[in-house]
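The values are calculated or read from the model by the stated rules, or taken from the named source; none is laboratory data. Worth saying up front: this structure is predicted, and the values here are computed from it rather than measured. We place every Cβ from the backbone using ideal geometry, glycine too, and count neighbours over all the protein chains shown.
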Amino acid sequence: SSPLFSAIEMAPRDPILGITEAFNADQSPAKVNLGVGVYYDDNGKVPLLECVKKAEAILIEKYAPRTYLPIEGLAAYDKAVQELVFGADSAVIKEKRAITAQAIGGTGALKLGADFLQRFAPDSEVWISDPSWENHRALFESAGFKVNTYPYYDATTRGVNFSGMFAALKAMPAGSIVLLHACCHNPTGADLTDDQWTKIINVVTERGLIPFLDMAYQGFGDGIEADGQVVRRFAEAGGALFVSNSFSKSFSLYGERVGALSIVASSADEAARIMSQLKRVIRTNYSNPPSHGGQVVATVLATPELRQLWEEELAGMRVRIREMRQAFVEKLKAKAPAHQFDFVMQQRGMFSYSGLTKEQVQQMRENNSIYAVDTGRICVAALNNKNIDQVIASIAKVL
Ligand code: PLP
C-alpha cells in the first residue's frame, strides 16, 4: 500500500446527488424528485428534442471522419453561438471585439474563464451571489481565487435584496470579478428588473469591475431574445466582459456537454491576443472540445427550419414551466388559503425558492416520498399534471 493513498480522506458528498441517491433507493411508486436540475416533460422524462433528432439524422448521413476540432471549437458553432448570445447585428461582432470558444458545457466555459482570469488578474477576488449555483464557489476557488458573496436573495420579500447587492458592488475594489446570472437565477428564480440591471451595469462600469455573466438558461425566462438582453446591454457598456453559456437545458443535451465562453474586448487587436491566450488555456486542459454536440447545435442554429423548430420546442418548455408555476400557485391557494405563494409566478427559469424550510422538506420526504433540496429549492420543471396534486397535498400538510 502507498502512503500517498492511505492518507486520502473521503470528500464530502454532493448534496444534490445525495438526494438523487436517496430517491432512487425509495420504493414508493408515488415518489417525486423535485431536487433535480434538469427539465422533464409532462411525462416526467428528459426530452430528446425533434430539432436534435433531425440534425443528428443529417449528421449521420454525412458519415464524416472524426478529425480533431480546432482548439477553440467548430468555427460554425462559435459563430452561431456568438450571434445567439450577442445578437446577429451586434456591434461587438461587427467590430470583431468578441471572441467565442466552444466549451465543455457551461461548467467548462466557467472553468476556462476562471483559468484565463487567474493568468491575467491573479490578484482579483471573485464575488458570487448569496446564494448561487453551488459549483460557482468551488470552481473559482479551484482556479485559485478567493471567492466572496454579495447579498442577493431576500427571504422576507422572496425577491432580490437589490439595495444590499448594489451597495456591495459599489464597495468592491476595481478589478473585482463579479459573477452575475444573466437570467433565471439558480437557485432562487429571482431575477433583476430592467431598471435594476441599468444600475448594476452603471456601477460595474464606473467602478471598473469585471462582469462575468453566466447564462445557463437562455430561453427559459421570457424568450431567447429577451433573456439575452442583459448580455447585450453589458456588451454595449464597453468594458471587459466574460459570458459563459450552456445548451444543456435549452437543447436538452446535458450529456453532450455543449457550451461556450465569450470574451468582449475593446478592439479587434485586443480580442485576437485574448483568443491566442485562451487557446493556450484550452490546449493545456483538454486540447480541443468534442465534436458531436457542437455539430448538432451548429446544424440546428444554421438551418432555418431546424432553428424555427428549436425555438418552438424551447417555447414549449418555457410555457410548460409557467403553466406548472400557475397550477402550483392556484392549487396551493385552494388547499392552503392562509399561505401566500404568488411570488412563484414572478420567479423565472426552472427553479423556485419555495420558502419551504429544511424541516418541511424533511417531512415531505418522510410522509410522501417527495424530495426537494434542504434550502427549499424545487425544480418546477419536475412537476407535471400527474404528480402536481400529490406534491400540493404534501406541501399543504406541512405548512
Ligand atoms: N451555471 C448555472 C447557473 C447552472 O445552473 C448550471 C447547470 O445547472 C451550469 C452553469 C452548468 O451547465 P452545464 O451543465 O452545461 O455544465
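Yes/no per residue for (1) in the same structural domain as V281 (by TED's automatic domain parsing); (2) of a type in the set (S, T, N, Q); (3) under 28 Å from Q347 (Cα atoms); (4) not in a helix (DSSP H, G or I):
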position: L110; (1), (2), (3), (4): yes, no, yes, no
position: D115; (1), (2), (3), (4): yes, no, no, no
position: S124; (1), (2), (3), (4): yes, yes, no, yes
position: I128; (1), (2), (3), (4): yes, no, yes, yes
position: T149; (1), (2), (3), (4): yes, yes, yes, yes
position: S163; (1), (2), (3), (4): yes, yes, yes, no
position: G175; (1), (2), (3), (4): yes, no, no, yes
Next item on the list: Confirm whether E83 is out of contact with any Lys or Arg (no Cβ under 7 Å at 6 or more places or on another chain), modelled with pLDDT of 95 or more and surrounded by 14 or more Cβ atoms within 10 Å (Cβ to Cβ).
Entry: yes
Check: Can you spot a residue in segment 301-323 that is touching a strand residue (DSSP E or B) at 6+ places or on another chain (Cβ under 8 Å) and crowded, with 21+ Cβ neighbours inside 10 Å?
Finding: no
Item checked: Subset of segment 261-283 (residues that are of a type in the set (S, T, N, Q) and either free of Cβ contacts under 8 Å to residues at least 60 places away in the same chain or at positive phi (or both)) -> S276
Note to self: Only one of I8, I58, I71 is outside the structural domain of T375 (by TED's automatic domain parsing) and in a loop (DSSP other than H, G, I, E, B). Can you tell me which?
What the structure shows: I71
Check: If we keep just the residues of segment 201-226 that are touching a strand residue (DSSP E or B) at 6+ places or on another chain (Cβ under 7 Å), over 16 Å from A381 (Cα atoms) and not acidic (D, E), which is nearest to the ligand (Cβ to nearest atom)?
Finding: M215
Margin query: One residue is enough: does segment 24-32 have a residue meeting the conditions at negative phi, part of a loop (DSSP other than H, G, I, E, B), surrounded by 11 or more Cβ atoms within 10 Å (Cβ to Cβ) and in contact with an Asp or Glu (Cβ under 9 Å, 6 or more places away or on another chain)?
Written below: no
Check: Residues in segment 107-149 that are under 20 Å from A174 (Cα atoms) and within 11 Å of the ligand (Cβ to nearest atom): how many?
Finding: 2
Check: In segment 300-311, is there at least one residue being in contact (Cβ under 8 Å) with a residue 12 or more places away in the chain, in contact with a Cys (Cβ under 8 Å, 6 or more places away or on another chain), within 30 Å of L117 (Cβ to Cβ) and aromatic (F, W, Y)?
Finding: no
Item checked: Boolean, I104 is touching a Pro at 6+ places or on another chain (Cβ under 9 Å), within 16 Å of the ligand (Cβ to nearest atom), under 30 Å from N288 (Cα atoms) and in the same structural domain as S252 (by TED's automatic domain parsing) -> yes
Check: Can you name every residue in segment 221-248 that is over 14 Å from L84 (Cβ atoms), of a type outside the set (G, A, S) and assigned to a loop (DSSP other than H, G, I, E, B)?
Finding: D222
